[in-house]
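The values are calculated or read from the model by the stated rules, or taken from the named source; none is laboratory data. Note that this is a predicted model, so its numbers are computed, not measured. Every residue, glycine as well, gets a Cβ built from its backbone with ideal geometry; the counts of neighbours run over all protein chains shown. Each accessible area value is taken on the protein alone, full model and side chains, heavy atoms only, with ligands, DNA and RNA left out. Shrake-Rupley method; radii C 1.70, N 1.55, O 1.52, S 1.80 Å.
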Amino acid sequence: MKGIFSVLVENKDGVLSGISGLFARRGYNIDSLAVGETDKHDVSSMTIVSTGDERTIDQIEKQLNKKPDVIKVRRLEESRAVELEMMMIKVSYSATNRASLIELCSVMGAKIMHVTMKYMIIELAKEPETLDEFVMLCKPYGILEVQRTGTIAMSKK
Amino acid sequence: MNGAEAMVQCLLEEGVNTIFGIPGVAIAPFYEAMYENQDKITHILVRQEQAAGHAASGYARISGKPGVCVASSGPGATNLITALATAYADSIPIIAITGQVASTLLGRDVFQEADMRGATESFVKYSYLVRNVNDIPQIFREAFYIANTGRKGPVLIDIPCDIQKLTLKKEFSYPKSVDIRGYKPNTKGNRQQMEKVIESINKAKKPLICVGGGVILGQAQKEVRSFCEKFRIPMVSTMMGIGVMPKKHPLYFGMLGNNGKPYANKAVAGSDLLIIVGARVADRAVPKPDELERKVSVIHIDIDSAEIGKNMGPTLPLVGDAKDIFAQLLEADIQIDTSGWLTQLEEVKKTTVDHRVFSDRLVNPMTFVKTLSDKMDKDAIYVADVGQNQLWSADNYIMKEGRFLTTGGMGTMGYSIPASIGARFAAPDRQIVTVCGDGAFQMSMYELGTIAVAKLPMKIIVVKNRYLGLVREHQEKVYEGHYFGTQLEDYPRYDSLAKAYDMQYFEAWSNEELDGTLDAFLKADGAALMVVNIDSANNTK
Ligand SMILES: Cc1ncc(C[n+]2csc(CCOP(=O)(O)OP(=O)(O)O)c2C)c(N)n1
Ligand SMILES: [Mg+2]
């Protein structure tokens, strides 16, 4: 199963390595990790997406909670949360498929950020699954590079 | 006041009167401040930093307060790591203070720089790198609080040498209270969960309590014991839980697990409700948690919610402080009749034959531990090392009202000698006996120097089988007797070693000699070393 954790942590040095170390050491997956400041300068927010069985996801929550630098852990249920991830993808094109690539972008709500004679850099911010789909759809054109930010999520409540 | 003086002042505020360590240039300002305060805080110079950590552990386990160890930067600090890992695995509150290179040079790989926060990340409960001299009082206050509350454990304070020399901006003041927003240990059991626990105890026909080291760390021995006695609920323990109940108590059915009493394991298998308190359910105690979980209902009580469900899914989790919870359970409306179950357990205990035989060539190890424990004071402290000797100690020591110290969580060879030095400073008037193997002894024998200089009347027994016995046993059973890398032979010459450190020396070669020699050894003035020779063919199983 998928576990989405929204974690508030002290904005101090060593905190991120402590948390990523916890995942590495205990063999928990990190599918994605996004970190940023919150409205309070001394608090950072992390969104961590992981997969594992029920017991593992449960343990992750408890182990995170054990860290004194972790102020709050919230486990977000997929159905009750909104997720967002941003991606930049560099896709090559030719004269023949250029129009269809532009059409694909507009259908998917992606933005073209930069165009050269050979490729475009496209930006897309959506749920992570949509990003996966978009990558699939771009494959036939030829993907040169992909960069994703990792998921951020918020409870709807 | 400079940083170093503030550090000493913080220790005084915490009521620290003994610390264990070895100086170096990076921690020299602190030692200078200690020099000025040597009438208030005793510094015990050990011979290797690992021993400082284990001594702090022994001190903490007996005093109930965090033990303090100190090392310099780089190799001094890294030498502490094994002791930190040991304290972490055994949940022992210690404060490790390490000197660090100047803050201006951090990260440049200068002489004797080691990233201690990074290196110990997975072995400490929390760590600090002090960057501002004015933070010292706050950091020390928090460190002691974190180490000794909730699930206890080691906390590291790494402090660059230049910061120790800077002057505090304001007058020193020690924070009265601690408020760490991410650290609020939950001690009171949840009311609803409590009700459910009581309900399931009331329904149980064959309840059994399994206690771990957490009961001792939480100083809940009295409450748990009274609970068992009031409702006539039998008890087994893990290795770290030895001492919660006297060995001969009618409700005590021994240590469970791989290395435990077969009848204790039968009691677990035959129960219908297992109440686990302050134990990790680790592999040595419960080899097949999934199987057990299917057969019996489990109530798991622990201060650390992450321990619950980590290795076994409990039917009922209860997070909180054992002392608090059992004080409440003692008052609860519980009506159960366990007399049939107790008779059944008695029967199991009587009929379970121990198939192990020990060699009477030289001293019989079982006879040795039993004879020794008969002679020990009621409230004595028995410090056991690691290996076959540890398992014989755990199995045969007749616990009265004293303590049994060993590292059940990490199993670090060489723990016993420094840990007993620490225990000695926490309880100068209690009898302390250290029992170790000939392998482990040689991992800590440099501490005889510490003992000699401090004139400590330590009583150290080496169980000599000329082997790294537990590994030899493994090689015998698993690798067809391919003994390799496990022979210690006849060195050192223990009598010469005792002489070198001004210790009295005793040696037993037979069961007949054992009695008289042990008497003389225990009565000896000052420090004494005794070698108990046993047949290397003895096994634990
Ligand atoms: C520091 C450390 N190194 C290695 C081990 C692995 N080990 C466990 S028991 C043991 C043998 C202990 O030998 P000894 O101290 O002579 O005790 P005996 O088993 O012979 O009673 C070893 C090497 C360990 N537990 N700790
Ligand atoms: Mg040996």
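Quick notes on this one:
- Mean per-residue shielding of peptide B:175-187 is 3, counting Cβ atoms of other chains within 10 Å of each Cβ.
- Histogram of C-alpha separations across region B:3-165, 10 Å bin width, %: 12, 47, 36, 5, 0
- Relative contact order (%) - region A:2-76, alpha-carbon pairs under 8 angstrom, separation at least six: 47 percent
- Two-site FRET efficiency, B:Glu13 against B:Leu106, from Cβ-Cβ distance with R₀ of 22 Å, rounded to 0.05: 0.20
- Computed on the Cα trace of chain B, the radius of gyration divided by the Kirkwood hydrodynamic radius gives Rg/Rh = 0.98.
- Excluding exposed DSSP-loop GluC sites (Glu not before Pro) (at most 15 other C-beta within 10 Å), longest clean stretch of chain B: B:172-400
- Pairs of alpha carbons in region B:365-533 whose separation is greater than 18 Å (percent): 58 percent
- Nitroxide proxy distance, nm - points 7 Å out along Cα→Cβ at B:Glu513 and B:Lys247: 2.4 nm
- Other residues with beta-carbon under 10 Å from the beta-carbon of B:Asn258 carry, at +1 per Lys or Arg and -1 per Asp or Glu, a net charge of +1.
- Put simply, the protein assembly as shown fits an ellipsoid with semi-axes of 50, 34, 25 Å; these come from the alpha carbon gyration tensor as the roots of five times its eigenvalues, largest first.
- Percent antiparallel among DSSP beta bridges (both partners in chain B, rounded to 5): 5 percent
- About its Cα centre, the protein assembly as shown has a charge dipole of approximately 1080 debye under the convention of +1 per Lys or Arg Cβ and -1 per Asp or Glu Cβ, with nothing else charged.
- Links that overshoot a 19 Å alpha carbon limit, given the list A:Lys72/A:Lys156; A:Lys2/B:Lys295; B:Lys261/B:Lys378; A:Lys2/A:Lys90: A:Lys2/B:Lys295; B:Lys261/B:Lys378; A:Lys2/A:Lys90
- P(r), alpha carbons of region A:29-157 - 5 Å bins starting at zero, rounded %: 2, 9, 17, 18, 14, 12, 10, 8, 6, 3, 1, 0
- With the helix formula -39500 (n - 2.57) applied to DSSP H stretches of n ≥ 4, the protein assembly as shown reaches a computed 222 nm mean residue ellipticity of -11000 deg cm²/dmol.
- Percentage relative contact order, chain B, counting C-alpha pairs under 8 Å, at least six apart: 14 percent
- 10 Å binning of all Cα-Cα separations within region B:414-477, expressed as whole percents from 0 upward: 21, 47, 21, 9, 1
- Label-point gap, in nm, between B:Arg131 and B:Lys523 - each point 7 angstrom along Cα→Cβ: 6.3 nm
- Apportionment of accessible area to carbon and sulfur, the protein assembly as shown, percent (1.4 Å): 52 percent
- Cα convex hull of region A:2-76, projected area averaged across orientations, nm²: 4.4 nm²
- Here r is the Cβ-Cβ distance between B:His355 and A:Asp42 and R0 is 60 Å; the resulting FRET efficiency, rounded to 0.05, is 0.45.
- The interface between chain A and chain B buries about 1700 Å² of solvent-accessible area in total (1.4 Å probe, ligands and nucleic acids excluded).
- Ellipsoid equivalent to region A:82-155 - semi-axes via the Cα gyration tensor, in Å: 23, 11, 10
- Under the combined filter of DSSP loop state and at most 15 neighbouring Cβ atoms within 10 Å, region B:293-388 retains these trypsin sites (Lys or Arg not before Pro): B:Arg356, B:Arg361, B:Lys378.
- Relative contact order computed over region B:191-351 (Cα-Cα under 8 Å; 6+ residues apart), in percent: 29 percent
- Kirkwood-based Rg to Rh ratio, region B:191-351, C-alpha trace: 0.91
- The residues of chain B have, on average, 40 Å² of accessible surface per residue, using a 1.4 Å probe with all protein chains present.
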